Amino acid sequence: MASPVINQPGSLLTSRKWVVWVILVVLFGLGALIRFYDLTDAPLDFHPTRQLHSALIARGMAALASDLYPAQQAEIAIQQWKLEGLIEPPIMERLTAFTYLALGREVLWAARIYAILFWLLGGVGLYLLVKELKGIDAAIIALIFYLFLPYSALASRAFQPDLLLVCSIIWAWWAAVKWARYSSWKWTVVAGLLSGFAIFVKSTAVFFLFGAYIGLVLFGKGIRFTIKDKRAWLLVLLAVLPYAAFHIYGVYITGQLASQFSMRFFPQLWLQPAFYLQWIGQVNGTVGFPFFLAAILGIFLLPEKSHRAMLAGVLLGYFLYGMTFTHHITTHDYYHLPLVPLVAAGVGIALSTLARQLLGPKWLTRLILIAVLLGWIGVNAWDVRVTLKRNDYRPEAAIWKELGETLGQGTSVVGLLHDYGYRLEYWGWVTTSVWFTSGDLRYRELAGQTFDFDTLFIETTAGKQYFVVTLFGEYDSQPELKGKLEKGYPVYKQTGDYLIFDLMHPLKEQR
């Protein structure tokens with residue numbers, strides 16, 4: 001019996017439904033396989049500061065709700081969690097803490113499983129979205145780019161909310177397209193709920209959703225019709241309400257969110273050419289600048305005007321996002337993660353369109369396209385595997401545990417430490433205060449803050465027992481700090497991994 005045929009005439013890759021299902025199963029299987037490789041390694045492979053921030057929160061939540069930890073450790077874990085404050089709703093942290101409770105022990109790599117599953121779920125949404133916009137060929141190509149881009153393969157293993165953010169944005173885009181097409185109450189509610197959830201996960205989602213809706217409205221339904229449409233207002237309400245409630249809770253009830261809005265906006269950087277060059281460098285390091293340009297081409301190859309406007313609106317939203325978070329867009333590559341599905345969609349549209357129009361007979365076009373895609377998958381999958389195999393971070397945990405035992409749990413410590421002291425806090429069970437790095441000082445100077453060294457040193461070390469150094473290069477780059485410690489305080493212990501000064505017994509000239 002002939003296989004059922006999908007209603008996408010002229011597909012280059014396949015027109016048979018069962019073949020499409022086989023392709024999707026293989027792609028998602030391989031995508032999961034490369035991400036699950038070396039699953040139990042310590043979370044130091046990708047922005048460890050951000051990952052350990054979430055790890056401390058999850059451990060504190062588990063400690064508060066169970067007896068998984070000895071009494072003293074439980075007290076420390078809860079204290080460390082409370083000191084982390086509130087940045088966004090701790091969804092992944094709650095899930096991970098619940099997993100600890102269900103398993104009866106702390107399993108940090110459980111968070112990595114959640115991150116991978118969220119990214120794969122986003123891939124399902126991306127396939128459905130691009131299939132809706134352009135067809136099967138573009139959707140499969142977009143999915144391949146999304147799953148096997150080396151940066152996204154490594155980033156999608158991280159314990160941070162950005163993976164859930166990307167997933168929720170993709171599904172919100174898909175629902176927005178359905179809403180624009182069918183204008184029913186059903187799709188209004190679905191689009192509103194998915195958009196609201198995306199913004200709730202992380203408020204920066206609004207940049208990537210607002211532009212999409214503007215494009216769909218201006219070049220689809222029309223602004224006048226939309227303003228008069230009760231369903232549109234319901235969608236807005238559903239999209240805004242969840243984060244509005246969280247914002248009120250975090251800012252006006254607990255006050256924990258208030259500090260998250262400081263030192264984010266530096267419009268003076270707009271006038272500096274280096275800012276734009278650094279931004280382009282970040283784009284190149286995440287999705288690849290040539291692919292970014294190809295994606296822009298793909299956006300304008302879409303046949304339907306409202307769909308072109310939608311993706312162009314997302315691109316505009318990304319630009320406004322970067323102009324708002326000027327420091328982070330040039331220093332934090334994970335701020336570009338929402339760009340991955342947009343570029344994937346654009347590349348899929350561009351490559352499928354150009355392959356059909358520029359290559360020769362259909363059989364030759366299909367052969368070349370399949371060879372290119374298989375080559376992309378093979379090379380990138382191997383590259384990810386080599387990267388993960390090359391770096392083993394497990395020994396790091398033992399070093400920080402040893403340092404924690406040397407200092408003693410509950411010790412009052414300040415230091416020039418990796419990841420703002422998070423490694424020592426997590427594996428060493430020692431809550432720390434942090435001495436600024438040179439980069440931290442420059443960041444604060446950009447915000448207009450100034451420091452007097454002696455005053456800063458007195459305030460930072462007040463009541464502390466030890467000053468710990470693990471960032472030796474940074475230590476050498478701050479001669480004033482180095483001189484102050486070496487001339488004024490005895491060395492408590494020194495190894496190749498750390499240097500501890502005893503602040504409780506200053507040398508005579510410091511008394």
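Can you give the charge dipole size of the range 48-108 about its Cα centre, rounded to the nearest 20 debye, using +1 on the beta carbon of Lys and Arg and -1 on the beta carbon of Asp and Glu? Write out the running numbers ahead of the final one.
Working: 5 positive and 6 negative charges, 17 e Å.
The calculation lands at about 80 debye.
In percent, how large is the relative contact order of the chain, given Cα pairs closer than 8 Å and 6 or more residues apart? Please report the intermediate quantities before stating the final value.
Values: 746 pairs, mean separation 79.1, N = 511.
It comes to 15 percent, rounded to a whole number.
Once both labels are modelled 7 Å past Cα along the beta-carbon direction, what's the ALA102-MET504 spacing in nm?
Label at ALA102, label at MET504, 4.4 nm between them.
So for each of 18-30, 441-453 I average, over its residues, the number of other beta carbons within 10 Å; can you give me the resulting order with the highest mean first?
Numbers: 18-30: 14.3, 441-453: 11.5.
The densest-packed peptide leads the list: 18-30, 441-453.
Name the residue farthest towards the positive end of the dipole of the range 59-119 from the options ALA115, LEU68, LEU86, assuming +1 on Cβ of Lys and Arg, -1 on Cβ of Asp and Glu, about the Cα centre.
Going by the Cα projections, it comes out as ALA115.
From Cα pairs below 8 angstrom and at least 6 apart in sequence, can you work out the relative contact order of the range 345-490, rounded to a whole percent? Could you put the intermediate results ahead of the total?
Values: 114 pairs, mean separation 29.0, N = 146.
It rounds to 20 percent for the range 345-490.
Using the charge dipole of the range 394-510 (Lys, Arg: +1 at Cβ; Asp, Glu: -1 at Cβ; taken about the Cα centre), state which of TYR492, THR450, THR460 has its Cα farthest towards the positive end.
TYR492
Which lysines have a Cα lying under 29 Å from the Cα of LYS493, excluding residues fewer than 8 positions away in the same chain?
Excluding near neighbours in sequence, the set is LYS401, LYS464, LYS482, LYS484, LYS508.
Counting only C-alpha contacts under 8 Å and six or more residues apart, can you give the relative contact order of the range 1-156 as a whole percent? Can you show the working numbers first?
Working: 139 pairs, mean separation 39.6, N = 156.
Relative contact order comes out at 25 percent.
Work out how much length GLU304 to LEU30 would gain on full extension: take 0.36 nm times their residue separation and subtract the Cα-Cα distance, in nm to one decimal.
Working: separation 274, 0.36 × 274 = 98.64 nm, distance 3.27 nm.
Residue separation times 0.36 nm, minus the Cα-Cα distance, leaves 95.4 nm.
What residues have an amide H closer than 5 Å to that of SER433, excluding those fewer than 5 places away on the same chain, when H is modeled at 1.01 Å from N in the peptide plane?
For SER433, the qualifying residues are VAL413, VAL414, GLY415.
How long is the gain from HIS332 to VAL22 if the chain were fully straight, where each residue apart is worth 0.36 nm and the alpha carbon distance is subtracted?
Values: separation 310, 0.36 × 310 = 111.60 nm, distance 3.69 nm.
Separation in residues times 0.36 nm, less the Cα-Cα distance, equals 107.9 nm.
Where both residues lie in the chain, what percent of DSSP beta bridges are antiparallel, nearest 5?
Working: 8 of 15 bridges.
If I count the DSSP bridges inside the chain, around 55 percent turn out antiparallel.
Place a +1 charge on the Cβ of each Lys and Arg in the chain and a -1 charge on the Cβ of each Asp and Glu, then give the dipole magnitude about the Cα centre in debye, rounded to the nearest 20. Mind dumping the intermediate values first?
Numbers: 42 positive and 34 negative charges, 513 e Å.
It works out to roughly 2460 debye.
Add +1 for every Lys or Arg and -1 for every Asp or Glu among the other residues with Cβ under 11 Å from the Cβ of LEU416, and state the total. The partial results should precede the final answer.
Values: positive: LYS482; negative: ASP440, GLU474, ASP476.
Taking every Cβ under 11 Å from that of LEU416, the sum is -2.
Report the Cα-based extents of the range 48-108 along its three principal axes, largest first, to the nearest Å.
Taking max minus min along each principal axis of the Cα atoms, the range 48-108 gives 27, 22, 19 Å.
Values in this text are rule-based calculations from the coordinates and carry no lab data. Nothing here was measured: the structure is a model prediction, and the numbers come from that model. Note: ideal-geometry Cβ built from the backbone for every residue, glycine included; neighbour counts use all protein chains shown.
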